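Worksheet: one structure, shown below.
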Amino acid sequence: MNLFENVKLALASLKSNKMRAILTMLGIIIGISSVIMIATMGNILEKSITDTINAEGGSNLVAFQISMKPDRTRDYIMSSDYITDDMVNQVCERFDDDLNAVAMNSGSQNATLRHNREELELVFYGVNSGFIAQSSTEVIAGRYVSDKDVAKKGNVCVISDKQAEKLYGGIKNAIGQRITVKMLGGSYDFTVVGVYEYKMTAMMSAMVNMMGEDWNNEVYIPYSTLDKIYQVNESTFYYFYAIVNDGVDPTRFCEEVKSYMNHRWYRDNDSVEIRYMTMESQMEMMSQIMGIVSMVISIIAGISLLVGGIGVMNIMLVSVTERTREIGVRKALGAPNGAIRSQFIIESVIICLIGGFVGILLGILLGNIAGIIVGTIAPPSVGSIILAVSFAMAIGIFFGYYPANRAAKLDPIEALRYE
């Protein structure tokens, strides 16, 4: 009997016992779909992170922050440890040829705006002119916060297009308008100098889909103005971002800036120093975390496949018992052991392959449903699909061999007597 006839016979056998075949495939389907779903969601997460990083400066974006020294003499940060805007300005002057922009954020403060008998919650972020370079923000009317605004501690703000539409009926109508908000127990007036396009991140999109709320509340003002509201005399920062020019090695740049700042301002500090972080290192860290998560879930999926394989073996043993007389007739007519063995191995492989293909389709579907929720879609890798199919075939051969071998070794006379 050739391969085509064995496949045809296996399909006929499955068709005659549909429910049993479906239940047998269930473990394979669950295991394979889990593997494919993990691969799909991993690609979706990686694409989402990559898109976000590229929108915020890509691999050229680096961050510097204060950190505790390993041999520190204290376990807390003092006000004198923080980075000042004067330090950042000197770094900009020292490394001007390498720098495209420097982004600073002094923090945020909740505020309440009353509009048409409705109280709207806003969050005011204190930023500098370079902060826009490390974000996905794009000004579509007016301008962004400028260095002059920072120097003057001006009461100006940049609001979103959604806020402009809700408050003033249009983007162009918002420029030059004055808004009054309450924060920290006081009332403050700001002039709208710009409107930015509101873009939801994948995570924000997922939250909006779940909560049904799309009112964004970010408002940008000069960091010096926020410090004035806080009644702080000197602007300080826990961290700042830098975007290097194309062609500049981010790691080399970071090492030089770290060495410069630590030598100049933190050499005599007994507990705090400057450290840096590159986006490439963040991507590597995320890849490692995703790798560990994928490995753990894949092990669980592997256990499911193992259980599914045992189910396949069990059903094939039942099938051998049910078809003992058929096996006896074939052997009496001269069928060799290899032909009998091949028949049942092929039937086992067919069960696993069908379950594998269904699992692949289900895994892709579930993975992309999750992708639609977070706003990013990515297909699974071809390698993961090939691996899943190969694994399904291997399970079919491995768990089908014992029942097939048992069928091949049946004594034809005893088989013919079986009722």
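Which one is farthest from V219 (Cα to Cα) among residues in segment 130-154 that are out of contact with any Pro (no Cβ under 9 Å at 6 or more places or on another chain) and polar (S, T, N, Q)?
If we take residues in segment 130-154 being out of contact with any Pro (no Cβ under 9 Å at 6 or more places or on another chain) and polar (S, T, N, Q), then Q134 is farthest from V219 (Cα to Cα).
Out of all the residues in segment 79-95, is one or more part of a strand (DSSP E or B), within 25 Å of M183 (Cβ to Cβ), in contact with a Ser or Thr (Cβ under 7 Å, 6 or more places away or on another chain) and open to solvent by 40 Å² or more (accessible area, probe 1.4 Å)?
No, segment 79-95 contains no residue that is part of a strand (DSSP E or B), within 25 Å of M183 (Cβ to Cβ), in contact with a Ser or Thr (Cβ under 7 Å, 6 or more places away or on another chain) and open to solvent by 40 Å² or more (accessible area, probe 1.4 Å).
Give me the pairs: first residue in segment 263-291 and free of Cβ contacts under 8 Å to residues at least 60 places away in the same chain and surrounded by 11 or more Cβ atoms within 10 Å (Cβ to Cβ), second residue in a helix (DSSP H, G or I) and among the β-branched types (V, I, T), beta-carbon distance under 9 Å, and six or more apart or on different chains, which are they?
Matching pairs, first to second residue: S281/T251.
Inside segment 319-360, can you point out the residues that are free of Cβ contacts under 8 Å to residues at least 60 places away in the same chain, surrounded by fewer than 21 Cβ atoms within 10 Å (Cβ to Cβ) and in a helix (DSSP H, G or I)?
T321, E322, E326, R330, L353, F357
Sort out which residues of segment 158-170 are within 32 Å of the chain's Cα centre (by Cα) and open to solvent by less than 20 Å² (accessible area, probe 1.4 Å), and write them in order of number.
Of everything in segment 158-170, those that are within 32 Å of the chain's Cα centre (by Cα) and open to solvent by less than 20 Å² (accessible area, probe 1.4 Å) turn out to be V158, I159, S160, Q163, A164.
Do you know which residues across segment 292-310 are modelled with pLDDT of 75 or more and either closer than 30 Å to C254 by Cβ or of a type in the set (A, V, I, L, M, F, W, C) (or both)?
If the condition is that a residue be modelled with pLDDT of 75 or more and either closer than 30 Å to C254 by Cβ or of a type in the set (A, V, I, L, M, F, W, C) (or both), then I292, M295, V296, I299, I303, L306, V307, I310 are the ones that fit.
How many of the residues in segment 263-288 are assigned to a loop (DSSP other than H, G, I, E, B) and of a type outside the set (S, T, Y)?
Total satisfying the criteria: 4.
One line per residue, one yes/no per condition, for (1) in a helix (DSSP H, G or I); (2) modelled with pLDDT under 75; (3) open to solvent by 20 Å² or more (accessible area, probe 1.4 Å); (4) under 23 Å from Y238 (Cβ atoms):
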{"residue": "L9", "(1), (2), (3), (4)": "yes, yes, yes, no"}
{"residue": "S33", "(1), (2), (3), (4)": "yes, no, no, no"}
{"residue": "L45", "(1), (2), (3), (4)": "yes, yes, yes, no"}
{"residue": "Q65", "(1), (2), (3), (4)": "no, no, yes, yes"}
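Mind listing just one residue for me: the one in segment 215-254 that is acidic (D, E) and touching a residue at least 12 places away in the same chain (Cβ under 8 Å) and, of those, surrounded by the most Cβ atoms within 10 Å (Cβ to Cβ)? Don't jump to the end; show me each part of the working.
Applying the first criterion (acidic (D, E)) to segment 215-254 yields 218, 227, 234, 246, 249.
Going one step further and asking which of them are touching a residue at least 12 places away in the same chain (Cβ under 8 Å), we end up with 218, 227, 234, 246.
Values: E218: 17, D227: 19, E234: 11, D246: 7.
Applying the filter and picking the extreme gives D227.
I'd like the full set of residues that are exposed (fewer than 15 other Cβ atoms within 10 Å of the Cβ) and either at pLDDT below 70 or not in a helix (DSSP H, G or I) (or both), limited to segment 380-415.
S381, K409, D411, I413, E414
The rows are residues; the columns are (1) touching a helix residue (DSSP H, G or I) at 6+ places or on another chain (Cβ under 6 Å); (2) over 16 Å from D189 (Cβ atoms); (3) open to solvent by 20 Å² or more (accessible area, probe 1.4 Å); (4) in a loop (DSSP other than H, G, I, E, B).
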site: Q109; (1), (2), (3), (4): no, no, yes, no
site: L113; (1), (2), (3), (4): no, no, no, no
site: E119; (1), (2), (3), (4): no, yes, yes, no
site: F124; (1), (2), (3), (4): no, no, no, no
site: I132; (1), (2), (3), (4): no, yes, yes, no
site: S136; (1), (2), (3), (4): yes, yes, yes, yes
site: A141; (1), (2), (3), (4): yes, yes, no, no
site: K148; (1), (2), (3), (4): no, yes, yes, no
site: G154; (1), (2), (3), (4): no, no, no, yes
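Go through segment 311-342 and report how many residues are within 54 Å of the chain's Cα centre (by Cα) and of a type in the set (G, A, S).
5
With respect to Y260, determine if the residue is outside any helix (DSSP H, G or I) and modelled with pLDDT of 80 or more.
no
The values are calculated or read from the model by the stated rules, or taken from the named source; none is laboratory data. These numbers come from a predicted model, not from an experiment. Virtual Cβ from ideal backbone geometry, glycine too; neighbours counted across all protein chains shown. All accessible areas refer to the heavy atoms of the entire protein, side chains included, with ligands and DNA or RNA removed. Shrake-Rupley method; radii C 1.70, N 1.55, O 1.52, S 1.80 Å.
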